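Taken together, the values in this text are just the output of simple stated rules run on the coordinates, not laboratory data. Note that the structure is predicted; figures quoted are calculated from it, not measured. So basically every Cβ, Gly included, is an ideal-geometry build from the backbone, and we count neighbours across all protein chains shown.
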Amino acid sequence: MHVEHLSLKNFRNAVDSEIEFSKGVNVICGANAAGKTNILEAIFYFAAGKSFRNCKDRELITFGNDKGSIAMRFFGNNAKTKMSATLSKSGRRVIKIGESAPLRMTEYIGRFRAVIFTPDHLSLVKGSPENRRRFLDLAISQSFPRYASTLSEYNRVLAQKNALLKRGNVIDELLEVYNEKLAALAGTITVNRRKYINRLEREAKIFLADMSGGKEELTLSYQTQAGDLETQEEIKEKYISLFAEKMQYEKDHFLAHYGAHKDDFSVVINKKSARMYGSQGQQRSAVLALKLAEGELSAKLTGEYPVFLLDDILSELDKDRKEYILSRITDRQVIITGCESEIFDTEGKIFVREGKIFQ
Ligand SMILES: Nc1ncnc2c1ncn2[C@@H]1O[C@H](COP(=O)(O)OP(=O)(O)O)[C@@H](O)[C@H]1O
Ligand SMILES: [Mg+2]
């Protein structure tokens, strides 16, 4: 899969930009705050349906404007596809494939796939569970679009349940209806996440062993309130009884404290938690292994490598890790920000200055 063309109108500091990409390595060069990350953000928007910087759509529109848009042409699944997103301050954003009617997230997710590496990905090991769930959910969704719709249904029911709890004066029968739905959806979500984690572990283990000269063994352990139960049905039943048991507690606290939205996984190196005991270097390697594994798995599951987006990570890495990662991603499209001209002197460079493109 590779991006061919990107067109930005009033997106961040890109007022009107057209960018061509080559199939191999693309390097985006420019000074600090020139607009390099903004370009990756626009591309990744089509993979995730939102910014990877975890911000609102309206923050993406160029200051002082009401509308912005991104259009991208990419090659993948044996065809050229054009996707566009129109963002507006007041209304809803509209995503289209070709000239189609506006699509819902679950209808376009998985069409364009990308893996992004950013300097704050250390939070995958060190940060809160939310970081890891977000990573997991997005990775699974890109390869299994139906997971995205299960997850959005779960979040919708969870929001309804929370609204009910917040109101106080709860009608038990209604709460039970929500709990029943959440339990069933949590069963599906947990089974999918655990299966993905197992596959991811298999891939990431190889990368970390490789990077550490066989010294480090990576394992991932998935944590859920459903314990070690394995089948969808068992997990559903477990949640139904857990929700019943904790009903009063949730009512007293006006919040849904139990469910799949509390899941987490820990990254373990040589049988010890990387978060608690890993050195900075081990944590960094573990994150690289996870992200490389995400790409590998995506290729295995869909038959095609996703586009690799590297935001400023090379300048952060030591020589060995830098060389390792670059040696692992030679056979696919890579779009890198940060001018590391000594490494890349052949491929097409894209220069950015104050949001403007010079190619
Ligand atoms: N909504 C926006 N409208 C206009 N400019 C923006 C907007 N959001 C961010 N910027 C500008 O974009 C620039 C940062 O771009 P970024 O891609 O993060 O830079 P870098 O090249 O360092 O990666 C800053 O100059 C910032 O002011
Ligand atoms: Mg940047």
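Observations, loosely collected:
- If you take the Cα centroid of the stretch 119-197 and the Cα centroid of the stretch 227-302, the two points sit 11 Å apart.
- For the stretch 213-359, the Cβ-based charge dipole about the Cα centre amounts to some 240 debye (Lys, Arg positive; Asp, Glu negative; other atoms uncharged).
- Segments 149-156, 10-17 sorted - mean Cβ within 10 Å per residue, highest first: 10-17, 149-156
- Annotation: peptides 183-194, 21-32, ranked by per-residue average of other Cβ atoms within 10 Å with the highest first, follow the order 183-194, 21-32.
- Of the beta bridges in the chain, as assigned by DSSP with both residues counted there, near 70 percent are antiparallel.
- Note on the chain: helix-only mean residue ellipticity at 222 nm, from DSSP H runs of 4+ residues weighted -39500 (n - 2.57) and normalised by residue number, equals -14000 deg cm²/dmol.
- Residue of R111, R53, R146 that the Gaussian network model of the chain assigns the largest fluctuation, springs spanning Cα pairs under 10 Å: R53
- Residues of type aspartates and glutamates that K271 reaches as a straight line, Cα spacing below 20 Å, ignoring anything fewer than 8 places off in the same chain: E201, E203, D210, E216, E217, D228
- Rounded tilt (10° steps) of 280-302 against the dominant C-alpha axis of the chain: 90 degrees
- Sequence ranges 234-246, 199-211, 96-108, 281-293, ranked by mean other-Cβ count within 10 angstrom, highest first: 281-293, 199-211, 234-246, 96-108
- A crude spin-label estimate for the pair D252 and N32, with each label 7 Å from Cα along the Cβ direction, gives 5.1 nm.
- Selection from V115, G91, F75, by position along the positive dipole direction of the stretch 64-139 (Cβ): F75
- Placing pseudo-labels 7 Å out from each Cα toward the beta carbon at E304 and R58 gives an inter-label distance of 3.6 nm.
- Evaluated at q = 0.17, 0.23 Å⁻¹, the base-10 log of the normalised Debye intensity for the stretch 276-328, with identical point scatterers placed on the Cα atoms, takes the values -0.59, -0.94.
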